[in-house]
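Worksheet: the structure to be examined is printed underneath.
FYI, it's all coordinate maths here, none of it is from the lab. All of these numbers come straight from a predicted model, not from anything done at the bench. FYI the Cβ positions are ideal-geometry reconstructions off the backbone, even for glycines, and counts take in every protein chain you see.
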Amino acid sequence: MSKFHLVVLIVAACLSGMIIDHRLVDSPKEITASASDSDNLYIWYAGYNDEYFGDNLPRDTVITQEKIDSDSLANTVFNKSDKRFHIRFNSMYPIGSRLSHLILLHEQCHIETYDEPMNDNDAEPDHGPRWRACMLRLETMGAWRRLLIDNYKGN
Ligand SMILES: [Zn+2]
């Protein structure tokens, strides 16, 4: 996810009141209060794999927070050594749980469509037609509405 995507998400978030409304409470189904951020990412990944991907994504995906290139909020790579996907959140940008959910789904679509042609720098998958179809499928399943609208209490 690029900085451009972050700007789009922040604008969408502001329009939906998510950033300026501090009364927000995340769904207990999605947030495990006692778990660490890293634990939460694995819990959310597994939940989304079940709910939106038919449990067809690998269950052994590694999710880390580390310093990656400054143009990316996160990226997904397939590590040939351990033969596992690695979703790497950029530790340079602490982003909170709601944006982490959005980014995680974005990256899970990369895993689903990983054999789609690579982009110019050959480092990570492109946002091609299959990735777009995955994201649009999530839209029809209500993923974005749930995160950006319905997950707010008091409305
Ligand atoms: Zn991407």
Calculated FRET efficiency for the pair Ser97/Asp126, C-beta based, R₀ 25 Å, to 0.05:
0.35
Classify region 38-110 as rounded, prolate or oblate from the Cα gyration tensor: take a ≥ b ≥ c as the square roots of its eigenvalues, call it rounded if a/c is under 1.5, otherwise prolate when a/b beats b/c and oblate if not.
oblate
Given R₀ = 41 Å, what would the calculated FRET efficiency be for Lys80 paired with Arg145, taking r from the Cβ atoms and rounding to 0.05?
0.65
Between Asp71 and Glu51, what is the spin-label point distance in nm, taking each point 7 Å from the Cα along the Cα→C-beta axis?
3.2
